[in-house]
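Each value in this text was obtained by applying a stated rule to the coordinates, not by laboratory testing. Predicted, not measured: the structure shown is a model, and the values here were computed from it. Because the Cβ atoms are built from the backbone with ideal geometry, glycine has one as well, and the counts that use them run over all protein chains shown.
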Amino acid sequence: MRIVLLWVCLAAFAQDKEDVTLPGTAEDLARGKKLYLGSCTYCHGPTGDGGKGADLARRELVRAKTDGDLARIIENGIPGTEMPAAWHMTRREVTQTAAFVRSLAKVDVRAVAGNAVNGLALYGKHGCAGCHTVKQTGGYRGGFMGPDLSSIGLKRSAAHLREAVLSPAASLPDDFMPARVVTKGGQTVEGRRVHEDTFTIAIRDAAGNNHSFLKAGLQSVSLDRNSSPMPSYKDKLRDTELDDLIAYLVSLKEPL
Amino acid sequence: MKIAAILSLAGALSAQNVPFQRILDSQKEPQNWFTYSGNYNGQRHSSLDLIHAGNVKRLKVAWVHHSGTTESHETTPLVVDGVMFLTEGPNVVKSLDTRTGSLLWRYERTIPKDLRLCCGRPNRGVAILNDTVYYGSIDAHLIALDARTGRVKWDVEMADYKTGYSSTVAPLAVKDKIILGAAGGEFGIRGFIDAYDAKTGARAWRFYTIPGPGDPDFGTWEGDSWKVGSAAIWTTGSYDPETNTTIWGTGNPGPDWNGDVRKGDNLYSCAFVAVDVDTGVKRWHYQFTPHDTHDWDATQVPVLIDGRFRGAPRKMVATANRNAFFYVLDRANGKFLTGKPFVKQTWARGLDDSGRPQVLPGTDPTEAGNAVWPSLAGGTNWASPSYSPATNLFYVPAREQGAFYYKGEADYKPGVIFNGGGQRVVPDEQPYGAIRALDPETGNLKWEFRTHTPANVGLLSTKGNLVFTGSTQGDFFALNATTGELLWRFRSNGGMNSNPMTYSVDGKQYVAMAIARALYVFDLME
């Protein structure tokens, strides 16, 4: 049994070396889009920004560093996950789909105007680390309220990050839910929701402490996705400073 | 003492025999659970009342049986005279001691590695008739197993798995026949309901869920699209002894979200079909969603109710459909009696006098995406509803959620996915669920119990004035069947994707529920 498994691994390794060139004509991309809409949107969303399946709208895909990897994943699926093999596609259709997937990348590959070193200073000056974590030498540093930014440069485009800094409530991550509960004893706890079901809710506060409650013991539960605990930096940063801050965020590329 | 108990059990098993008459008269033996829904009427209601609204707070885990497989459980166990039979996806059937969960036998089928499946490798249970257990395998075979040993008696291929056929449904044993159908609704199969001779495995009849040339209902599919129109079977039907018909819900037409290539009503997809048990000849059909483009399978267990409708006694079949409407039909002829939405829906103005939906323009999937309620998973899905004759209420796990529907290309090739689009969640919608109790005569809501996530777990009602169900987030709980009040809950922290059932042995009632990859069985604390 073990020998069989080893053989399978060797076979996969050999296959991994195969180079694949993705087609690039407008017709190929259009066909790839149709194939993608037909087979991939259920899990990955029509613009590739994920859902049940992985977020494909980024330049670097963790499991598909090369175009060959991407084509093989589409063709064979990912064993042990819900990613099925695309039995229905010819090799050419697989590469057309892969070409379209590559075109979904939201991460802006153009150079960002600002200066990342200045941006780091602004990140500190404006207290971003009070809520956001970034992995640095020696471990994770920063607060717990906002999303971890260690790999944000791999996940989001500069344009998206700019919007998030200027209008935080307009670009809340899907899993981010500001929450506030008041217990029957009068205690108030605010933070981000980390779990909720029919009977319980758990909240992580700004200091990183987890609070878990039975709903039956609460006076009120307030959830509001229309607001963000993060303030807008619209009037706090000059245009060049905003460029610098975005340049710093785009530079954060801790491997996923 | 323990050894003696097991020995006596073994004796009971060897004497075990479940002729058709016992299943027919199952109301006389509430300690047993002979068939998928507990009874031929699909009510998933038990007349056991040792556990009741007054003492359910004392319910605790009696035993747990872990599956050892990687698939989530979708099984409803059967119980016969102290012995349990259940399935575990992808390929296992087991027999257990109902008092302890101890293994009596285990059958494992070797399945092909190149199976074409859309949605995991589940199985929903077995049927039993006389001394034989019947199992529909994921590679579309029907297999007869000796109820005492699990040894294979016979094995027949229903259809070729290489062209997309599979089987996940618990078969239905009626008279001398084993009835089941094939799954594969995302692979362009031509759906069917089959009946096999219980003794030999010889096929007695096949009813195609898509009529062919010469049939009066032929011609509701454009061109040759009927040949690959799906209408799969994947939840168990009901049986009406008075009319000798078996009623089954059929799945979506294929390709799921692109209706352009199959213009027409697409009979008998998304429908109930009533078929003569002896001949396989159709008596009637009722299509809930003509020309479906949202994947709203009608694969909900048909619930047979003998009651009153508008003042007169009536034999009815009720269902809460995935398309968001609750329906009551006359089960002698399939005539529409009443229907109304039980969750939010935005695709139809309503139902006309014949029950046909008045579809709103602009609600089909598009390449750019089109938001419609309910979502692909529907107003309810395959999880069993329940009807309690004691409360005269129809209980349904309800889903309040919409979706953006997308249309894509789909070229049919044998054995390959044929869905033509997809869906995605509506951003910023906070979907939720509810257990809803409906008046079966009107569809009016009597009470609801809200759940944080859309409900997807089956329901069991009991004479103890209880409704048992669970949440997708791992709570198994009991509600007061009359008021919906929460009476008891058990936190498993494991997903649930199955239906509860109940049985009794040695004068003690148990409630069983498959949770994540284990079967949990509960009884009262002494």
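Among the listed pairs B:LYS344/B:LYS413; B:LYS227/B:LYS407; A:LYS34/A:LYS253; A:LYS253/B:LYS407; B:LYS28/B:LYS446; B:LYS153/B:LYS463, those with a Cα-Cα distance over 27 Å are B:LYS344/B:LYS413; A:LYS34/A:LYS253; A:LYS253/B:LYS407; B:LYS28/B:LYS446; B:LYS153/B:LYS463. Look at the stretch B:401-410: the mean tally of other chain Cβ atoms within 10 Å of its residues' Cβ atoms is 4.
Label separation (B:ARG349 vs B:ALA368): 2.5 nm, computed from points 7 Å beyond Cα along the C-beta direction.
With a ≥ b ≥ c taken as the square roots of the eigenvalues of the C-alpha gyration tensor of region B:56-524, please select rounded if a/c is under 1.5 and otherwise prolate if a/b is larger than b/c or oblate if it is not?
On the way: a/c = 1.40, a/b = 1.14, b/c = 1.23.
Here region B:56-524 falls in the rounded category.
Modelled label positions at B:ARG310 and B:TYR432, each set 7 Å beyond Cα in the direction of Cβ, lie 3.6 nm from each other.
Once you list every other residue whose beta carbon is under 9 Å from the beta carbon of A:ASP205, what net charge do they have if Lys and Arg are +1 and Asp and Glu are -1? Net charge in that neighbourhood comes out at +1.
Taking the average, over residues, of other Cβ atoms within 10 Å as the packing measure, peptides A:121-129, B:168-176, B:479-487 rank B:168-176, B:479-487, A:121-129 from highest down. Label the protein assembly as shown by shape, choosing from rounded, prolate and oblate, from the square roots a ≥ b ≥ c of the eigenvalues of the Cα gyration tensor; if a/c is under 1.5 it is rounded, and otherwise prolate applies when a/b is larger than b/c, oblate when it is not. Prolate, because a/c is 1.5 or more and a/b exceeds b/c.
How high is the FRET efficiency from B:ASP278 to A:LYS65, r the C-beta distance, R0 60 Å, rounded to 0.05? Display every interim value, and only then the final one.
Numbers: r = 62 Å, r/R0 = 1.03.
E between B:ASP278 and A:LYS65, to the nearest 0.05, is 0.45.
Report, in debye and to the nearest 20, how large the dipole of region A:92-223 comes out about its Cα centre when Lys and Arg carry +1 and Asp and Glu carry -1 on their Cβ. Show your work: numbers first, answer last.
Details: 16 positive and 10 negative charges, 55 e Å.
Computed charge dipole of region A:92-223: roughly 260 debye.
Shown for chain B: cysteine residues without a partner Cβ closer than 4.7 Å, namely B:CYS270. Averaged over the residues of B:449-457, the number of partner chain Cβ atoms lying within 10 Å of the residue Cβ comes to 2. Highest mean first, the peptides B:434-441, B:287-294 sorted by other C-beta atoms within 10 Å per residue fall in the order B:287-294, B:434-441. Note on A:GLU254/A:LEU223: beta-carbon distance plugged into 1/(1 + (r/R0)^6) with R0 of 25 Å gives a FRET efficiency of 0.25. If the chain linking B:THR100 and B:ARG489 were pulled fully straight, counting 0.36 nm for each residue of separation and taking away their Cα-Cα distance, it would gain 137.9 nm.
Determine the shielding of peptide A:30-41 by partner chains: average, over its residues, the number of Cβ atoms on other chains within 10 angstrom of each Cβ. Walk me through the numbers before you get to the answer.
Working: counts 0, 1, 0, 3, 5, 4, 4, 14, 16, 10, 3, 14.
Mean shielding by partner chains, rounded to a whole number: 6.
What percent does the relative contact order of region B:75-178 come to when contacts are Cα pairs within less than 8 Å and at least six residues apart?
On the way: 229 pairs, mean separation 23.9, N = 104.
It rounds to 23 percent for region B:75-178.
With R₀ fixed at 22 Å, the C-beta to C-beta distance from A:ARG141 to A:SER232 puts the FRET efficiency at about 0.35. Among rounded, prolate and oblate, which fits chain A when a ≥ b ≥ c are the square roots of the eigenvalues of its C-alpha gyration tensor, a/c under 1.5 means rounded, and a/b larger than b/c means prolate? Prolate shape, in that a/c is at least 1.5 and a/b is the bigger ratio. Peptide packing: for B:271-278, B:445-452, B:112-119, A:94-101, the average count of neighbouring Cβ atoms within 10 Å per residue gives the ranking A:94-101, B:271-278, B:445-452, B:112-119, highest mean first.
Normalising by the residue count of chain A, find the relative contact order in percent from Cα pairs under 8 Å and 6+ residues apart. Kindly include the intermediate steps, with their values, before the conclusion.
Values: 409 pairs, mean separation 49.1, N = 256.
Result for chain A is 19 percent.
With axes computed from alpha carbons, what is the tilt in degrees of helix B:2-14 against the longest principal axis of chain B, rounded to the nearest 10 within 0 to 90? Relative to chain B, helix B:2-14 is tipped by roughly 50 degrees. With helices as the sole contributors, chain B gives -1000 deg cm²/dmol at 222 nm; each DSSP H run of n ≥ 4 counts as -39500 (n - 2.57), and the sum is divided by every residue. Per-residue extension of 0.36 nm, minus the Cα-Cα distance of B:CYS119 and B:ASP260, leaves a gain of 48.3 nm for this segment. Modelled spin-label separation between A:ASP239 and B:GLU157, with each label point placed 7 Å from Cα along the Cα-to-Cβ direction: 7.2 nm.
Which whole-number percent is the relative contact order of chain B (Cα, under 8 Å, 6+ apart)? Before the final figure, lay out the partial values.
Working: 1580 pairs, mean separation 78.0, N = 526.
Here the relative contact order equals 15 percent.
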